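The values are calculated or read from the model by the stated rules, or taken from the named source; none is laboratory data. Everything quoted here is computed from the prediction, not taken from an experiment. Methodologically, a virtual Cβ is constructed for each residue, glycine included, from the backbone with ideal geometry; neighbour enumeration extends over all protein chains shown. Ligands, DNA and RNA are stripped out before the accessible areas are found, and what is left, the full protein with its side chains, is counted by its heavy atoms. Shrake-Rupley method; radii C 1.70, N 1.55, O 1.52, S 1.80 Å.
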Amino acid sequence: MIRALACFAALSSPLAAQQVYDLLLKNGHVLDPANQRNAVMDVAIAGGKIVRVAPNLRAAHAKTVVDAGGYYVTPGLIDIHTHFDAEGAPLNVDPDHNALRSGVTTAVDAGSSGWNTFEAFKSKVMDHSVTRVLAFLNIVGAGMYGAQVENDPAQMDPEAAARMVEKYRSRIVGIKTAHYQPADWEAVDRAVKAGELSKTVVMVDFHPKPGRGYEELILKHMRPGDIQTHVYGRLLPQLDANKKVQPYMWEARKRGVLFDVGHGGGSFWFRIAAPAVAQGFLPDTISTDIHKDSVMLPRATMITTMSKFLNLGLSVEQVVERSTVNPARAIRRPELGTLSEGAAADIAVIELERGQFAFLDSGHGKLTGDKNLRCVLTVRNGKVVWDPDGLFAAEYTTTGPYSNFK
Ligand SMILES: [Zn+2]
């Protein structure tokens, strides 16, 4: 850094020599659980990377300074259950309009495309998104293309899936199985087989059937590190008749199965989540299962889903941990979900509002609470991409001629 400064000073004016940061977020409350940071600090960005996180960095060294005082500054959020595919899936939504506004800089599409359709998804969606879009590859070759293919084991080819993972390892983080209705284990077991062959994790959306039980799924069929999504969904027997968390939930957690929220249109119910959370059964990862329906009445966006958990009793720290470092580890991308120096500058600036707020679940049950999280700035690869309050901007009367606009 000193060497770079010296070089720069020799070539440029004294003022420019000081400007070593492209962007400086000043005085925010940095919550970076991957690095155990939880204090008021500054975050400096240059060349699309985080270059310094420390108190009292000099504003004169930055081209642009954002006053983040009073806000939380966190790693860009990671939503590991989204539906951002464009191919043949009418419920899917656009990644940038739905992720970045919530502070989400990494979104994992959860099986919208399969080993037969992934390449179209990649070229149509992934390659054009500002959001970093990754994917769980559906074990069904056609992806989420309706019951006819999703219930057909002939569509589920572990070798073909593993080959596609191998070809796009930087984009595909695992395998997904979902929606399977026949009362056998074909879908789960073939997805796990593809996970074994490709050395990736499996995300499971599971509907129990007679002879194909949930307990058996999480204790026998899933591997440690595999992710059960829709943990507070109404189709699963998480609680007994007295609303007590079933012993097999704790046992599965102990053996390393991960439990993900996957809010969605039908899979997040306060009447299940509230007693589970009160008994200490918190989700490992918070995610949305965002699509055209879930984004509306239950507002299954990332920042609102995090707010719901805040009002169920989790701390801001616990909510941020489950939306940054935990999902990064779950998808085995520890370089994400962190404000480490040298990491990509993906950042969310979040306001904790106090007042009276209401939230709906998938059954349109209402939870009233006194806290709400709002994303006031999103930085992706060092660039401000969401700024509803103009924190990053100057008053228009001071901005000079049109030619100043970049
Ligand atoms: Zn889903």
Fill in: Residue that is farthest from residue 182 (Cα to Cα), among those in region 195-222 that are of a type outside the set (A, V, I, L, M) and in contact (Cβ under 8 Å) with a residue 40 or more places away in the chain
200
Worksheet entry | Within region 314-328, considering residues that are open to solvent by 30 Å² or more (accessible area, probe 1.4 Å) and assigned to a loop (DSSP other than H, G, I, E, B), the one farthest from residue 354 (Cα to Cα) | 322
Worksheet entry | Filtered residues of region 335-370 (kept if among the polar types (S, T, N, Q) and crowded, with 21+ Cβ neighbours inside 10 Å) | 338, 362
Worksheet item: Looking only at residues in region 102-154 that are open to solvent by 10 Å² or more (accessible area, probe 1.4 Å) and hydroxyl-bearing (Ser, Thr, Tyr), which one is nearest to the ligand (Cβ to nearest atom)?
Response: 145
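In region 233-276, what count of residues is obtained for those that are more than 13 Å from the ligand (Cβ to nearest atom) and within 16 Å of residue 179 (Cα to Cα)? Break it down stepwise before answering.
Step one: filter region 233-276 for residues more than 13 Å from the ligand (Cβ to nearest atom), giving 234-259, 269-276.
From the residues that got through so far, the ones that are within 16 Å of residue 179 (Cα to Cα) too are 234-236.
The total comes to 3.
Please go through region 42-86 and give me each residue that is of a type in the set (Asp, Glu) and either in a helix (DSSP H, G or I) or open to solvent by less than 60 Å² (accessible area, probe 1.4 Å) (or both), ordered by number.
First, the residues of region 42-86 that are of a type in the set (Asp, Glu): 42, 67, 79, 85.
Across region 42-86, the qualifying residues are 42, 79, 85.
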Worksheet item: Name the pairs: first residue in region 223-250 and within 21 Å of residue 300 (Cα to Cα) and in contact (Cβ under 8 Å) with a residue 12 or more places away in the chain, second residue open to solvent by less than 20 Å² (accessible area, probe 1.4 Å) and acidic (Asp, Glu), Cβ to Cβ under 7 Å, at least 6 apart or on different chains?
Response: 227/260; 228/260; 229/205; 229/260; 230/205; 231/260
Worksheet item: Is there any pair linking a residue in region 378-400 that is farther than 26 Å from residue 341 by Cα and modelled with pLDDT under 90 to one that is of a type in the set (Asp, Glu) and open to solvent by less than 80 Å² (accessible area, probe 1.4 Å), with Cβ under 6 Å and at least six apart or on different chains, and which?
Response: none
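Looking only at residues that are more than 16 Å from the ligand (Cβ to nearest atom) and small (Gly, Ala, Ser) in region 277-295, which one is most open to solvent (accessible area, probe 1.4 Å)? Outline the logic, then answer.
Here is the first cut: in region 277-295, the residues more than 16 Å from the ligand (Cβ to nearest atom) are 277-282, 284.
Subset that is small (Gly, Ala, Ser): 278, 280.
On the way: 278: 89, 280: 38 Å².
Ranking the qualifying residues of region 277-295, first place goes to 278.
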Worksheet item: Quick check: anything in region 138-149 touching a helix residue (DSSP H, G or I) at 6+ places or on another chain (Cβ under 7 Å), part of a helix (DSSP H, G or I) and at pLDDT below 95?
Response: yes
